[in-house]
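These notes are about the structure you will find just below.
The values are calculated or read from the model by the stated rules, or taken from the named source; none is laboratory data. Note that the coordinates shown come from a computational prediction; the quantities given were computed from them, not determined experimentally. Here the Cβ positions follow ideal geometry from the backbone for every residue, glycine too, while neighbour counts run over all protein chains shown. The area values use the complete protein model at the heavy-atom level, side chains included, leaving out ligands, DNA and RNA. Shrake-Rupley method; radii C 1.70, N 1.55, O 1.52, S 1.80 Å.
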Amino acid sequence: MRVRGGKTPQLRKALKGWTEAKTERFLETLAESCNVTLAAESAEVSSTSVYRRRSQDATFRAAWGKAVATAVAALEMMLLKRALHGVERPVDIKNPEAGVLTRYDDRTALALLRMHRDTAVEADGDVDATEYQEAVERIMARLSRLQERITGTVETKGAVDRVATLKWLLAR
């Protein structure tokens, strides 16, 4: 393979000190803590080595991104839980029998609302014409089967009339 200028690309040597186990330990700790320094310490590698590897290894860079995304999602879930259910705090630290008070963090709740407002609006949106038509067709097919069942066994005028009325309403 040749690159522009006619030169052959240089292959990089593997980074020293990195094993599969160290890589896995680093990524697991990063996913749990979102802390690069802590993750590097747990993998027994230097922070400098970690950042160098990230800049040189696309696969490692992608795994790093996934680990950070996992940590951020866990943090968001914890904050959401606290915002929804509150955090119990003692009324009086010196007197544990005084009881607890549940505190709700309104700032976090508002920030989470802002972050997810668009998703909620999309989910609460109107049904488009195709979805509506498909639902009507499914209901009409069920009503037809119900009408066949009613007329095939014991014919009750009220049930047949109700089915016909429902079909008429849906067809409008």
Handout entry: Qualifying residue in region 45-57 (condition: over 23 Å from the mean Cα position of the chain (by Cα), on the phi > 0 side of the Ramachandran plot and open to solvent by 40 Å² or more (accessible area, probe 1.4 Å))
Key = no
Completion exercise
Matching residues in region 19-46 (part of a helix (DSSP H, G or I) and within 23 Å of residue 75 (Cα to Cα)) number 19
Fill in the blank from the handout: All conditions in (1) open to solvent by 100 Å² or more (accessible area, probe 1.4 Å); (2) modelled with pLDDT of 85 or more; (3) farther than 30 Å from residue 38 by Cα are true of residue 117 except (2)
Exercise for the section: Would you check if residue 29 is among the hydroxyl-bearing types (Ser, Thr, Tyr) and at pLDDT 95 or above? Expected result: yes
Practice task
Please tell me if residue 141 is open to solvent by less than 60 Å² (accessible area, probe 1.4 Å) and at pLDDT 85 or above.
Solution key: no
Handout entry: Which listed residue is among the small types (Gly, Ala, Ser), under 28 Å from the mean Cα position of the chain (by Cα), surrounded by 11 or more Cβ atoms within 10 Å (Cβ to Cβ) and at pLDDT below 85, from 83, 67, 98
Key = 83
